[in-house]
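The values are calculated or read from the model by the stated rules, or taken from the named source; none is laboratory data. All values derive from a computational prediction rather than experimental measurement. Here the Cβ is made from the backbone with ideal geometry for all residues, glycine too, and neighbour counts use every protein chain on show.
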C-alpha cells in the first residue's frame, strides 16, 4: 500500500495573505502552517492580524479562503510619494547608536506602512534610515544621495527613487542657507 502524497502548502510563515473578515477584506501575516487539520483535511494556517502597532490577533484560517497579498510597484511608489517617505525619514532625527531599520509592510486594512520589525517586513532589506535627512517635511539636499540609496533598499530603480524625491520635494536653497551657522 503506497503512502498518500501530502498536498504542498500554498503559504509559508512570513507570507502576507488577504481574506474576507466579516464584511471587509483584511491583510494578515502567516505565522504557522498547521497542516491538514481542518474539516475534510483542509490545510489550516495560523495568521496574525495587526489592528494597530500595539494590538494583534492570532487565529487559524483555512488555506482555500486566503489569497497571497503582494503590493504592486505602483502602490509602493504612491505610498512613498504621498507621505510615507517623510514619515520614515522622521524616525531618525537623533542619530547615535541603534539607528532605525525599516521595512515596508501592510496594516490590517491593506494599506502600506513601515515597520521596525524584520519578521513583519514584506519589502526591503532593513536598511538604516538616513540620519537627519528631512527639513520642513522635505528631503534635505545634502542627504539626497543617501535617501536615494535608502529607497533602493525597497527594490526601486534609481529613476523611481528620483521620482519619489521629486514628488516629496527638497528644501530650497534659501531654506538650506538659513541652517548654516555664522
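Could you grab me the full set of residues in the range 34-49 that are in a strand (DSSP E or B), farther than 14 Å from residue 65 by Cα and either in contact (Cβ under 8 Å) with a residue 60 or more places away in the chain or touching a strand residue (DSSP E or B) at 6+ places or on another chain (Cβ under 6 Å) (or both)?
Let us first name the residues in the range 34-49 that are in a strand (DSSP E or B), namely 34-35, 44-49.
Now drop any that are not farther than 14 Å from residue 65 by Cα, which leaves 34-35, 48-49.
Once the filter is applied, which keeps residues that are in a strand (DSSP E or B), farther than 14 Å from residue 65 by Cα and either in contact (Cβ under 8 Å) with a residue 60 or more places away in the chain or touching a strand residue (DSSP E or B) at 6+ places or on another chain (Cβ under 6 Å) (or both), the range 34-49 yields 34, 48, 49.
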Qualifying residues in the range 157-182 (those that are at pLDDT below 95 and out of contact with any strand residue (DSSP E or B) (no Cβ under 9 Å at 6 or more places or on another chain)) - the one nearest to residue 72 (Cα to Cα): 173
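Within the range 56-65, is there a residue that is surrounded by fewer than 17 Cβ atoms within 10 Å (Cβ to Cβ), in contact with a strand residue (DSSP E or B) (Cβ under 8 Å, 6 or more places away or on another chain), touching a residue at least 24 places away in the same chain (Cβ under 8 Å) and not in a strand (DSSP E or B)? Step through it out loud before you land on a result.
We begin by selecting, within the range 56-65, every residue surrounded by fewer than 17 Cβ atoms within 10 Å (Cβ to Cβ); these are 56-60, 62, 64-65.
Subsequent filtering for residues that are in contact with a strand residue (DSSP E or B) (Cβ under 8 Å, 6 or more places away or on another chain) retains 56-60, 62, 65.
After this cut, where a residue has to be touching a residue at least 24 places away in the same chain (Cβ under 8 Å) as well, the list is 58, 60, 62, 65.
Then drop every residue that is not not in a strand (DSSP E or B), which leaves 65.
The answer is yes, given that some residue of the range 56-65 is surrounded by fewer than 17 Cβ atoms within 10 Å (Cβ to Cβ), in contact with a strand residue (DSSP E or B) (Cβ under 8 Å, 6 or more places away or on another chain), touching a residue at least 24 places away in the same chain (Cβ under 8 Å) and not in a strand (DSSP E or B).
Against the definition (in contact (Cβ under 8 Å) with a residue 24 or more places away in the chain and part of a helix (DSSP H, G or I)), how does residue 71 come out, yes or no? Can you show your working first?
Values: in contact (Cβ under 8 Å) with a residue 24 or more places away in the chain: yes; part of a helix (DSSP H, G or I): no.
So residue 71 does not fit the description; no.
May I ask you to say which residue of 150, 154, 131 is assigned to a loop (DSSP other than H, G, I, E, B) and buried (at least 16 other Cβ atoms within 10 Å of the Cβ)?
Values: 150 fails: assigned to a loop (DSSP other than H, G, I, E, B); 131 fails: buried (at least 16 other Cβ atoms within 10 Å of the Cβ).
Going through 150, 154, 131 in turn, the sole match is 154.
Report whether or not residue 105 is at pLDDT below 95, in contact with a helix residue (DSSP H, G or I) (Cβ under 6 Å, 6 or more places away or on another chain) and within 30 Å of residue 21 (Cβ to Cβ).
Yes; evaluated as a whole, the condition is true for this residue.
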